[in-house]
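Structure first, then comments.
All of the numbers you see were taken from the coordinates with simple rules; none came from a lab. Nothing here was measured: the structure is a model prediction, and the numbers come from that model. All Cβ positions, even for glycine, are placed from backbone atoms using ideal geometry, and neighbour counts span all protein chains on display.
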Amino acid sequence: AQKVTQAQTEISVVEKEDVTLDCVYETRDTTYYLFWYKQPPSGELVFLIRRNSFDEQNEISGRYSWNFQKSTSSFNFTITASQVVDSAVYFCALSEARDYKLSFGAGTTVTVRA
Amino acid sequence: SAVISQKPSRDICQRGTSLTIQCQVDSQVTMMFWYRQQPGQSLTLIATANQGSEATYESGFVIDKFPISRPNLTFSTLTVSNMSPEDSSIYLCSGRQGGETQYFGPGTRLLVL
């Protein structure tokens with residue numbers, strides 16, 4: 001069974017600081033997909049990024065960047081120069097190609113203070 | 001990306017009653033799913049809504065409690081039956097078009113008294 005672990009429960013930073021969210025996953029499948037979703041206080045779940053298991057290239061998209069390392073089964077996510085609007089719960093999730101069901105981590109609450 | 005809407009956005013219900021939640025996608029999706037998020041918790045998959053056939057339920061969820069319909073490729077309903085306060089949660093539907101990403105609706109906030 002697939003499993004996603006987000007060890008950080010809460011992170012509090014001052015505006016403009018960088019925030020790195022940790023995610024460790026378990027899966028037996030060779031083809032899988034990793035995601036980060038954001039859930040602001042309004043409750044909707046917003047897709048941020050996706051990474052495929054066969055592509056370990058790390059990228060930057062605006063203020064978001066990620067570090068995918070298969071050797072350590074980690075998929076960490078960084079927000080650069082955080083803003084108050086980044087305050088939300090962030091979920092790491094995993095799906096396997098055989099059924100595309102999403103397994104979510106427990107979530108990390110990020111609070112950005114002005 | 002698919003745009004997903006849900007009705008109602010929130011409701012307050014009495015125990016013992018049932019509520020049907022609607023999920024509408026603006027374009028055809030190959031797969032639709034229903035998730036539950038209990039207060040302060042993460043999301044848990046309830047079932048995969050299969051078009052034209054019975055939904056596939058995850059362990060701990062049964063059809064009698066959470067009947068699901070999916071009559072076509074853009075619409076699905078989830079009913080929460082014989083509700084109790086423990087059913088108070090956010091219920092979210094999601095859709096996958098053909099790529100690997102699931103997009104979510106805004107959720108339905110349910111409070112059972």
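Here are the numbers:
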{"read-out": "Subset of region B:33-47 that is of a type in the set (Gly, Ala, Ser) and under 15 Å from A:Pro41 (Cα atoms) - its residue that is farthest from the other protein chains (Cβ to nearest Cβ)", "value": "B:Gly40"}
{"read-out": "Condition check for B:Glu58: touching a Leu at 6+ places or on another chain (Cβ under 8 Å), charged (D, E, K, R) and within 14 Å of chain A (Cβ to nearest Cβ)", "value": "yes"}
{"read-out": "Flag if B:Ser18 is of a type outside the set (Asp, Glu), surrounded by fewer than 13 Cβ atoms within 10 Å (Cβ to Cβ) and more than 17 Å from B:Pro71 (Cα to Cα)", "value": "yes"}
{"read-out": "Leading residue by the ranking (farthest from the other protein chains (Cβ to nearest Cβ)) among those in region B:82-112 that are free of Cβ contacts under 8 Å to residues at least 40 places away in the same chain and in contact with a strand residue (DSSP E or B) (Cβ under 6 Å, 6 or more places away or on another chain)", "value": "B:Asp87"}
{"read-out": "In region A:1-48, the residues that are within 14 Å of another protein chain (Cβ to nearest Cβ), surrounded by 12 or more Cβ atoms within 10 Å (Cβ to Cβ) and among the acidic types (Asp, Glu)", "value": "A:Asp29, A:Glu44"}
{"read-out": "Residue that is of a type in the set (Phe, Trp, Tyr) and over 28 Å from B:Val3 (Cβ atoms), where the choices are A:Tyr64, A:Tyr25, A:Tyr90", "value": "A:Tyr25"}
